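Novice: First the structure, then my questions, so here it is.
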Amino acid sequence: MDIQEVTGRRLGAILSFLFYILCIFEASTTPIKADAVRPSLGCSKNRMPRKFFPGRTKVIKRTVSGTQQRKHAITLPNNYKQNNVEAPPPLVFYFHGWSGDHKECGGGCKNVPKRNKYSFMTVSMTGYGVNAKYAYNSWNFAGSANFPQPREPICTTSGINENNTYCEYYEDAGLGCDCTNDDGCWWTTCFDSVQQVLSLFNELNQRFCFDLDRVWAIGCSNGGMFTYELARDARSAQHFRGIIPIVGLPHYGHSTGPLLEGTSMFGLFGSDDTTVPPKAEPGSDDPDKSEDDSGYLYTTYSKVVQTWTEMNGCNGNGQDPLESGEGNDDYGAGESGLFDCIQGCSEKNSTHVVGCIFQGGHICTRREKVPWDPIYNFILSNN
């Protein structure tokens, strides 16, 4: 074999290898269609996780290193199949309000999503806390605790609020807080709530079968505020198709919209809510800012919808009315008594941004009525 033949074979091998790498690169950079199915790793397994059954709820205990053990409730739909690669169900996370736990979601996570009409897999988590002396179970999000200084104050008594000892309670309970920089406004755990969610998400990906392109976050009150954090944090934003905040708004000065375009939102807010007011007071000098009875500041729901519309690269300012009829889909909002609904991104097929008002106050618990049908209809419409 002469040297020219050897050189030719080596060159051919090199070119073949480069072509192979080019094919892999092209495949990895091809956009995924909005209606594509991306099965989780658990879909490749033939057996269900031990002690889990279709149509049943099981409570598990998990601990992220350096934090505390928490309980989470996992519910599988009635028609759940472990190796359903062709049509895996959506996965919905639920995050409770301040002082809540994995039980708060109630029938919204256990009964409604099991119907064949919806067929969702749900996970209702418990945030960090002890539910004693105001160190309540909670979620850490932008502005709520140990946020880098300087920052926009999230309460009107910033720096002078001697009566606000929430941070001290969380610090005394060993929940990750160092109150040295507390300006009197910190009010949640200081543990990393995003990391807590990602730890469980990675386990679910390995063990259960669901569609990785249809993972949603529903949250109420403090849990609703936390859903915005999941959509803006670089670690978690890529995993969530959209969020459903219920009576939860970002603190004023911390509403940034989603990190990634293509992230949908459907917010529901109470007309009589004085804990997280969705609208500014009449005559306010800032129509984008609302204030609760304790002096905590929030971004109004109309401003949130506007920011999410803009960050999704959509037309307009997100103030278009959401109406049913003539080919328009309001997701059943009108039938459920929702009103003052505004929307953005209506020109897009798979990305929608909606904010609605319902008649009522600051609801979250199992004993109070949450309009679940519009929520799940919205999720299904964003396939």
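Please treat every number below as a calculation from the coordinates, not as lab data. Predicted model only: the values in this text are computed from it and were never measured. FYI the Cβ positions are ideal-geometry reconstructions off the backbone, even for glycines, and counts take in every protein chain you see.
Novice: What ranking do 171-177, 317-323, 187-193, 72-78 get when scored by the average of other Cβ atoms within 10 Å per residue, highest first?
Specialist: 187-193, 72-78, 171-177, 317-323
Novice: Further question on the same structure: Cross-link list K61/K117; K279/K369; K133/K289; K71/K114: which exceed 25 angstrom alpha carbon to alpha carbon?
Specialist: Checking Cα-Cα distances, K61/K117; K133/K289 exceed 25 Å.
Novice: Further question: Among rounded, prolate and oblate, which fits region 278-348 when a ≥ b ≥ c are the square roots of the eigenvalues of its C-alpha gyration tensor, a/c under 1.5 means rounded, and a/b larger than b/c means prolate?
Specialist: Oblate, since a/c reaches 1.5 and b/c is not below a/b.
Novice: Using alpha-carbon pairs under 8 Å, 6+ residues apart, how would you state the relative contact order of region 74-193 in percent?
Specialist: Once normalised by length, the contact order is 24 percent.
Novice: Looking only at S119, S284, S44, which one moves most when the chain is put into a Gaussian network model with springs between Cα atoms under 10 Å?
Specialist: Among S119, S284, S44, the largest GNM mean-square fluctuation belongs to S284.
Novice: Right, here's the next one. Based on the alpha-carbon gyration tensor of the chain and its eigenvalue square roots a ≥ b ≥ c, which shape applies: rounded if a/c is under 1.5, prolate if not and a/b is larger than b/c, or oblate?
Specialist: It is prolate, given that a/c is not under 1.5 and a/b is the larger ratio.
Novice: Treating only the Cβ atoms of Lys and Arg (+1) and Asp and Glu (-1) as charged, compute the dipole magnitude of region 81-133 about its Cα centre; round to the nearest 20 debye.
Specialist: Result for region 81-133 is approximately 180 debye, rounded to the nearest 20.
Novice: What does the highest-first list of 108-114, 332-338 look like by mean Cβ count within 10 Å?
Specialist: On the way: 108-114: 21.3, 332-338: 17.7.
Order by mean packing, descending: 108-114, 332-338.
Novice: Right, another one. Using a Förster radius of 30 Å, what is the FRET efficiency between S324 and T256 based on their Cβ-Cβ separation? Nearest 0.05, please.
Specialist: Calculated transfer efficiency: 0.45.
Novice: Another question, then. Evaluate the distance, in nm, between pseudo-label points positioned 7 Å from the Cα of K103 and of D178 along their respective Cα→Cβ axes.
Specialist: It is 3.7 nm.
Novice: Amide H of T189 versus every other amide H placed in the peptide plane: which residues, excluding those fewer than 5 positions away on the same chain, fall under 5 Å?
Specialist: HN-HN under 5 Å from T189: S138, W139.
Novice: Shape of region 141-292 from its Cα gyration tensor (a ≥ b ≥ c, root eigenvalues): rounded if a/c is under 1.5, otherwise prolate when a/b > b/c, or oblate? Let's see the in-between values first.
Specialist: Details: a/c = 2.19, a/b = 1.30, b/c = 1.69.
Oblate is the answer for region 141-292, as a/c is 1.5 or above yet b/c matches or exceeds a/b.
Novice: Could you name the aspartates and glutamates whose alpha carbon sits less than 18 Å from that of K45, not counting residues in the same chain fewer than 8 places away?
Specialist: Qualifying aspartates and glutamates at Cα under 18 Å: E86, E203, D211.
Novice: So between F339 and R62, what do we pick up on full extension, going 0.36 nm a residue minus the alpha carbon distance?
Specialist: 95.7 nm
Novice: Once you have the Cα-Cα distance between K81 and E203, take 0.36 nm times their residue separation minus that, and quote the gain in nm to one decimal.
Specialist: Stretched fully, the K81-E203 segment lengthens by 42.2 nm.
Novice: N349 to A237: extension gain in nm, 0.36 nm per residue of separation minus the Cα-Cα distance?
Specialist: In short, 38.3 nm is gained.
Novice: Assign unit charges at the C-beta atoms only (+1 for Lys and Arg, -1 for Asp and Glu), then state the dipole size of the chain relative to its Cα centre in Debye, rounded to the nearest 20. If you can, show how the numbers build up before the last one.
Specialist: On the way: 34 positive and 42 negative charges, 544 e Å.
For this selection, approximately 2620 debye.
Novice: Also: Is it possible to state the helix-based mean residue ellipticity at 222 nm for the chain, with each DSSP H run of 4+ residues giving -39500 (n - 2.57), the sum divided by total residues, to the nearest 500 deg cm²/dmol? What is it? List each step's numbers first, then the result.
Specialist: Details: 7 runs with 85 residues, N = 383.
Taking each H run of at least 4 residues, the total per residue is -7000 deg cm²/dmol.
Novice: Would you list which aspartates and glutamates come within 14 Å of K110, measuring only between C-alpha atoms, while excluding same-chain residues fewer than 8 positions from it?
Specialist: List returned: D373.
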